[in-house]
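For reference, the structure discussed in these notes is given below.
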Amino acid sequence: MYTGPVEGQSIPPAGFDDRPALPLWLLLPTAALMLLTLYLVFDWVSTEATMGIVQRIFYFHVPAAAVSFLACFVGGVSSILYLVTRQEKYDDLSLAANESIVVFESVNIVMGSLWARPVWGIWWTWDARLTSSFVLLFLYAAYLMVRRAAPVESRAGVCAVVCILGMLDVPLIYMSNRLFRTQHPSPVLGGGENSGLAPDMLKTFLVALVTMVLVWWCVVRVRRRVARLDRAVEDLTRRANELVDAGSIRL
């Protein structure tokens, strides 16, 4: 009895993960929460008395910043695990998390500028909070450039050092408007006696935060899959070049 591959069918290589990068158990709740967040932000939640409708940017600005911080720690810890174990899965996760920082930190800064213009009268000021946030974005943009420029054999180790530095910037950003006098307002949550949100605003914020985390995890899962495929292509290219150099294959 013939037990070999059937003509016209492709047999995935051993160890190849052909499961969807975005399973339905993740994709459907994320989509539902995105719709719920839009409804809560633009229709259900009350309008802030002092700043008016522009305050609704808060529900995108702060979750984007929080997700950037989360991505910094995921990328930094993954880099440390790669340096310790040399397992490529940690480097792939680190790359995916660190690339997402550029996206979500850009959203954070853009949303903050749009909010600042009508409230402060300026788009930007170089105070401690904004400057440290810009440094974070700059660090991870540099990470991406270093990753492309470094040799394949050493790029993971070199980039691990960069993202560990980025991880150290997160506490500075978080504490900046507590330690320094800044244009940025004092913390809304956990900022003392006069801080806090109205109940409907707090509910909307928590839903928006969970939604942003799920959107971020979807982005990371897809980018991690692309990183694995890129690594497989690099490995096949290297093997093909070795065969060509050895004379086993003639081009």
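Within the chain, what's the longest stretch lacking GluC sites (Glu not before Pro) that sit in DSSP loops with no more than 12 other Cβ atoms inside 10 Å? It would help to have the intermediate numbers written out before the result.
Values: sites that count: 7, 153, 193.
Free of exposed loop sites, the longest segment is 8-152.
Net length available on complete extension from residue 235 to residue 50 is 60.8 nm, with 0.36 nm assigned per residue and the Cα-Cα distance removed. Of the chymotrypsin sites (Phe, Trp or Tyr not before Pro) found in region 97-187, those in coil by DSSP whose Cβ has at most 16 other Cβ atoms within 10 Å are 123, 124, 126, 180.
Derived value for region 196-242: Kirkwood hydrodynamic radius 13.6 Å. Basis is the mean of 1/r over every pair of different alpha-carbon atoms. In region 83-198 the Cα-Cα distances spread across 10 Å bins starting at 0 as 12, 36, 28, 16, 6, 0 percent of all pairs.
Long hydrophobic helices in the chain, taken as whole DSSP H segments with a C-alpha length of 20 Å or more on their own axis and mean Kyte-Doolittle hydropathy at least 1.0: 24-39, 58-85, 128-149, 155-179. Residues of region 97-125 with an amide N closer than 20 Å to a point placed 7 Å from the Cα of residue 144 along the Cα-to-Cβ direction: 97-113. With R₀ set to 51 Å, the beta-carbon distance separating residue 244 from residue 42 gives a calculated FRET efficiency near 0.30.
In terms of Cα atoms, the Rg and Dmax of the chain work out to 22.7, 80 Å. Ligands, DNA and RNA aside, residue 237 has an accessible area near 70 Å² when probed at 1.4 Å. Across the chain, the relative contact order, built from alpha-carbon pairs under 8 Å that are at least six residues apart, equals 27 percent.
The values are calculated or read from the model by the stated rules, or taken from the named source; none is laboratory data. Here the structure is a predicted model, which is why all the values come from computation and not from measurement. Virtual Cβ from ideal backbone geometry, glycine too; neighbours counted across all protein chains shown. For the accessible areas, the whole protein counts, side chains as well, though only heavy atoms, and no ligand, DNA or RNA atoms are used. Shrake-Rupley method; radii C 1.70, N 1.55, O 1.52, S 1.80 Å.
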